[in-house]
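The values are calculated or read from the model by the stated rules, or taken from the named source; none is laboratory data. From a predicted model like this one, the values you see are computed outputs, not experimental measurements. Here the Cβ is made from the backbone with ideal geometry for all residues, glycine too, and neighbour counts use every protein chain on show. What goes into the accessible areas is simple: the full protein's heavy atoms, side chains included, and nothing from ligands, DNA or RNA. Shrake-Rupley method; radii C 1.70, N 1.55, O 1.52, S 1.80 Å.
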Amino acid sequence: MYRKGFIDRYLKNGFEFDEAVSEVDFALDVLFGFSYKNFMLGKTLENWQITKYQKVLEERLSTRKPIQQIVGQAYFWNKKFFVNEHTLIPRPETELLVQETLVLAKEFENPKILDIGSGSGCIPITLVMENKNIIAESVDISVEALEIARKNALFHNVHDRVNFYSSDVFENVTGQYDIIVSNPPYIPLSDKDTLAVEVRDFDPYNALFTKDEKGIEFYERISVEAKKYLSGYLVFEIGINQSELVQNLLRANGYEDIRVINDYNLIPRIIISRYNFNKT
């Protein structure tokens with residue numbers, strides 16, 4: 001059973017064709033460095049590779065566990081990052097957060113950036129890889145997630161340029177930052193049953209859900225506490241239908257120059273603002 005056979009197994013289990021192709025090619029690449037081009041050139045998998053992938057495929061189809069968690073890696077910004085059950089799987093939408101932050105960072109000679117909610121560490125690691133002048137710190141309440149983030153920093157050889165440490169939002173944070181970025185939990189717990197099984201049952205609970213019914217408790221907390229540490233921009237990734245809510249709480253807390261950036265599906269996804277220190 002080769003690539004087509006693997007894809008057919010997905011299709012027989014209710015997956016869409018594009019998703020099936022994407023997951024098969026992703027897993028074969030991560031596990032064996034085997035690409036679609038290899039198949040086109042007539043190369044074949046060895047028996048041990050077929051056996052190993054069949055086990056991965058069976059786990060994916062029988063449990064619906066995300067393929068990234070099964071193979072232990074995910075792509076972000078065309079780079080590989082280690083992931084596990086303690087880290088969110090990086091989403092394409094978060095690349096937009098990185099993209100906009102890199103643009104803002106150009107305004108500062110040696111931008112100091114704080115990332116709240118490290119997860120896999122993909123945000124600060126990508127930022128320092130793309131801009132050699134950035135000094136980054138990143139905090140997370142999950143010790144297990146921080147272990148993976150540090151592993152990724154070491155893998156990408158930027159472990160001396162990103163400082164990961166434990167903190168419940170700003171609890172252990174000191175100093176001033178030119179930019180504070182965050183992709184915090186923003187899904188109300190009441191929406192849990194509407195999520196895909198892969199998200200609902202396998203992504204880390206604390207990285208997804210909020211206790212409030214609007215999903216904005218962390219935006220409010222960060223907006224209020226960030227004033228003590230911020231000398232420039234506050235950048236958020238937001239969920240669907242949260243744009244107006246987050247903009248309103250930012251204005252209520254003295255933030256100005258608020259801009260909303262749509263993602264590739266034209267959904268408001270990134271909010272950029274600056275705190276007005278002169279506002280009374």
Failed item, numbered, when ALA20 is tested on (1) over 30 Å from GLU171 (Cα atoms); (2) open to solvent by 60 Å² or more (accessible area, probe 1.4 Å): (2)
PHE26 passes all but one of (1) more than 27 Å from ARG269 (Cα to Cα); (2) assigned to a helix (DSSP H, G or I); which number fails? (1)
So if I check each of ASN183, ASN206, which one is under 26 Å from ASN110 (Cβ atoms), open to solvent by 20 Å² or more (accessible area, probe 1.4 Å) and among the polar types (S, T, N, Q)? ASN183
When you check LEU57 against the structure, is it buried (at least 21 other Cβ atoms within 10 Å of the Cβ), of a type outside the set (S, T, N, Q) and over 19 Å from GLY33 (Cβ atoms), yes or no? no
With more than 23 Å from SER243 (Cα to Cα), of a type in the set (Gly, Ala, Ser) and at pLDDT below 95 as the only criterion, which of GLY215, GLY175 stands out? GLY175
Looking at the stretch 123-162, which of its residues are open to solvent by less than 10 Å² (accessible area, probe 1.4 Å), under 16 Å from the mean Cα position of the chain (by Cα) and within 15 Å of LYS80 (Cβ to Cβ)? ILE125, THR126, ALA149, ASN152, ALA153
Within the stretch 60-74, track down each residue that is in a helix (DSSP H, G or I) and loosely packed, with under 15 Cβ neighbours inside 10 Å. SER62, THR63
Working only within the stretch 121-135, note down all residues that are aliphatic (A, V, I, L, M) and either touching a Lys or Arg at 6+ places or on another chain (Cβ under 7 Å) or free of Cβ contacts under 8 Å to residues at least 24 places away in the same chain (or both). VAL128, ILE135
